[in-house]
1. Report, as a whole number in µm² per second, the diffusion coefficient that Stokes-Einstein gives for the chain at 10 °C and 1.306 mPa s using the Kirkwood radius over alpha carbon pairs.
2. Hey, in the GNM for the chain with a 10 angstrom Cα cutoff, which one of Gln28, Gln58, Gln137 fluctuates hardest?
3. Per the 1.4 Å probe, what fraction of the accessible area of the chain, in percent, lies on carbon and sulfur atoms?
4. Can you work out the accessible area per residue across segment 14-146, with the rest of the protein chains kept in place, probe 1.4 Å, in square angstrom?
5. Tell me, what is the percent relative contact order of segment 14-146, built from C-alpha pairs under 8 Å that lie six or more residues apart?
6. For the chain, modelled as a GNM with alpha-carbon contacts under 10 angstrom, which of Ser29, Ser46, Ser63 fluctuates the most?
7. Have a look at Ile12, Ile66, Ile89 and tell me which one the Gaussian network model of the chain (Cα, springs below 10 Å) gives the largest fluctuation.
8. Angle, helix 131-146 long axis vs. longest principal axis of the chain, Cα atoms, 0 to 90°, nearest 10?
Amino acid sequence: MLSINNRELLDIPIKDFIISSEKVAHVQSGNNAEHALLVLTRTGYSSIPVLDVKYRLQGLLSSKMITESILGLERIEYERLSEIKVDTIMEKKIAYLRVTDTFKRALDLVINHAFLSVVDEEGTFVGIMTRRVILKQLKKYIYMNER
Ligand code: 2BA
């Protein structure tokens, strides 16, 4: 059985593992669904953070949320995309991290979320922590302690 000092890893602050905001694709809550779909399609990500004009985290938007919003009875009503605002279709109740959180909280949350937005004390978006980054750190730590 693997014997590692769990606390050592779990207590590490997440600060060093954040993908900074400049590298993260996002949309603004006031954008329309057409623009949002363009961003999601161009970047290839299935869901991205929604921010307000002051860069505060507002929610999460996925292509599925957009498709559902234009689903008519018999057809997909693409012509409605430009009328729909992101803040009316985004997920508002989302899990997120604070910059001061530890690896343990990120690990707990990432089981159900592919990525977590990270905010500072004022709620300003500073970046994301992805499942990939968390798994990489976990793998590194396990391999290091195996030797
Ligand atoms: P997904 O878009 O569903 O992507 C799932 C995984 O597929 C990603 O895991 C990554 O390994 C790979 N992948 C998808 N699109 C990629 C791309 N354009 N370039 C490189 N690899 C890509 P993670 O890296 O753990 O990301 C988890 C989730 O975090 C992503 O889910 C996406 O929703 C979000 N994400 C990651 N990086 C982002 C960024 N720079 N901007 C916005 N959202 C991002």
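The values are calculated or read from the model by the stated rules, or taken from the named source; none is laboratory data. As the structure is a prediction and not an experimental result, all values here were calculated from the model. Note: areas computed on protein heavy atoms with side chains; ligands, DNA, RNA excluded. Shrake-Rupley method; radii C 1.70, N 1.55, O 1.52, S 1.80 Å.
1. On the way: Rh = 16.7 Å.
Estimated diffusion coefficient is 95 µm²/s.
2. Of the options given, Gln137 has the highest mean-square fluctuation.
3. On the way: 4870 of 9380 Å².
Here it works out to 52 percent.
4. Values: 8060 Å² over 133 residues.
Ligands and nucleic acids excluded, the figure is 61 Å² per residue.
5. Working: 205 pairs, mean separation 37.3, N = 133.
The normalised contact order for segment 14-146 reaches 28 percent.
6. Top of the fluctuation ranking is Ser46.
7. Ile12
8. 10
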